[in-house]
1. Go ahead and run the numbers for FRET between His332 and Val237, Cβ-Cβ distance against an R0 of 25 Å, rounding to 0.05.
2. Step through the residues of the range 96-106 one at a time and calculate ³J(HN,Hα) from phi using the Karplus curve (6.51 cos²θ - 1.76 cosθ + 1.60, θ = phi - 60°), rounding each to whole Hz and writing x for Gly and Pro.
3. If the chain between Ala151 and Ser301 were fully stretched, how many nm would it gain, using 0.36 nm times the residue separation less the Cα-Cα distance?
4. Quote the convex hull volume per residue of the range 84-215, based on C-alpha atoms, as a whole number of Å³.
5. Over the range 215-413, what relative contact order in percent results from Cα pairs under 8 Å that are six or more residues apart?
6. Bin width 10 Å, origin at 0, all Cα-Cα pairs of the chain: what percent of pairs per bin?
7. Tell me the mean residue ellipticity at 222 nm calculated for the chain from its helices only (DSSP H runs of n ≥ 4, each -39500 (n - 2.57), averaged over every residue, nearest 500).
8. What does the convex hull of the Cα atoms come to per residue for the range 221-289, in Å³?
Amino acid sequence: MTTDRARAPGAPAAPASADPADLTDPADSAHSTGFAAALREAARIAVLSPSSHNCQPWAVAWARSEVSRVAAARVVDGEADGPGGGRGDGTYQYLVLGLDRSRELRSLPAHAVEMLLSCGLYWQLLLRALEAQGWTVDALRFADGPLDAGAARGAELPGTTWPRSWAALCVARLRGRGGAEAQPTNGGAELRALRAAARARRTNRAPYLPQPVRPALLDGLLAPSGCAAARDAAVTVRHLTSGADRAVFADFVAEHGGRDFSHREAWRETHAFLRADRARADASGDGFALDQLFGPLSWPSRQALRAALAPATMRLLGPVRYDRFVGRRLAHGLARMVRPTPVVVAMSFDRTEPTLADAVKGGARLADYWLCATAAGLALHPVSVVLQHEDLRAAFQSALRIPGRAFFVSRLGWPVTEFPCSPRRPADANLRRI
Ligand SMILES: Cc1cc2nc3c(=O)[nH]c(=O)nc-3n(C[C@H](O)[C@H](O)[C@H](O)COP(=O)(O)O)c2cc1C
């Protein structure tokens, strides 16, 4: 696998690593043409998935050529998709989830998990949207190995036109319900509900109402959709609702929430995803506008903030510990948001040494949770800094008795205000026919 660096900060969004392939082909059967339309629709929904820094590191290949289908069938069940068998008649469609390594965050080891979670979030939404259109996930095979996607083994498709900068994470075999004309679930109602939840979901960094969330409602968020990639995720979800636990968490954030500012490389990478304003964020198709992090800003405050946060300023003023000063200010601001929030949700892998598959499934489980919370009118705002440094993660888990290995922590509550949506790359930017 190649490991090209992320594109230059602020550069316009470019298609990833291979030429975008048109999903349709005049020679396709009715079955495949129907699947291409369903896949396009599913990708429009899935691209709304959250991702760390809004870097959107996911990629999906549709195995269409004979060689790709045979390779994908081998991965899924060890058999070739031969023309004589039931699979050769086009009953099955194969999709492969990838991590586009030219878009991944790398400045911290913890980013490896965040990238896999982001791909898992996308994958779950894509597969749920396909299921809602009548394409059931019949079998899934995840890549083997530890969290390093570069070392993933078992889901790659040798001999195909698989883009070199993508790491293969999972292969799915799908079967149309009702034959060539797959039948949408509940006459399309499920797809409409999923689309509405995906559009309404966003990271809401504004204050939340202090009103508690009923325990029964919180319990309801724990049920996985039973769909696709989240099915057997080994994940524990904890809701911290007591005043004491929430105070411990807020104090922890106040003390450690500025860690990234003292980590030159991490801050440089984060800063590369900050866009000066909404127009620039829309043009790049990724990252976030300053207003999305700090609320509405006047022109002078925007310029002042840009200068204050620039990595060059941090470097120049390093000798007077400016990075610590900024980190402390922002950590206290974040802790002020956290303190009155009625719930903190923490998710952890049951295994303390999770595998790559655990992380992708964890992302899928998180997708179900976040969509369910959105449909209930709740909002989330992840606070990942407490997990991004090993010493902090261990201290956080021990202070709040979080089992396993924590991979996601977020404020959860009733939003006071709507929050603007963040930009996205085109839905088919990382969708290929191979
Ligand atoms: C694994 C993961 C970790 C995240 N961590 C943070 C975080 O620490 N702080 C934050 O403000 N947003 C965090 N986010 C939210 C992303 O920044 C957000 O999803 C992205 O900018 C797209 O915006 P949207 O969720 O509003 O669509 C995280 C998202 C994911 C998937």
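1. Details: r = 28 Å, r/R0 = 1.13.
About 0.35, to the nearest 0.05.
2. So the Karplus estimates, Gly and Pro as x, are 10, 8, x, 9, 7, 6, 7, 10, 7, 7, 9 Hz.
3. Values: separation 150, 0.36 × 150 = 54.00 nm, distance 4.46 nm.
The span from Ala151 to Ser301 would gain 49.5 nm if fully extended.
4. Working: hull volume 24.8 nm³, N = 132.
Dividing the Cα hull volume of the range 84-215 by its residues yields 188 Å³.
5. On the way: 257 pairs, mean separation 68.1, N = 199.
Once normalised by length, the contact order is 34 percent.
6. Per 10 Å bin, starting at 0, the Cα pair percentages come out as 4, 21, 32, 25, 12, 4, 1, 0.
7. Result for the chain: -12000 deg cm²/dmol, rounded to the nearest 500.
8. Details: hull volume 13.6 nm³, N = 69.
Measuring per residue, one finds 197 Å³ for the Cα hull of the range 221-289.
We did not get these values from a lab; they are worked out from the coordinates using the rules stated. These numbers come from a predicted model, not from an experiment. Backbone-built Cβ (ideal geometry, glycine too); neighbour counts: all protein chains shown.
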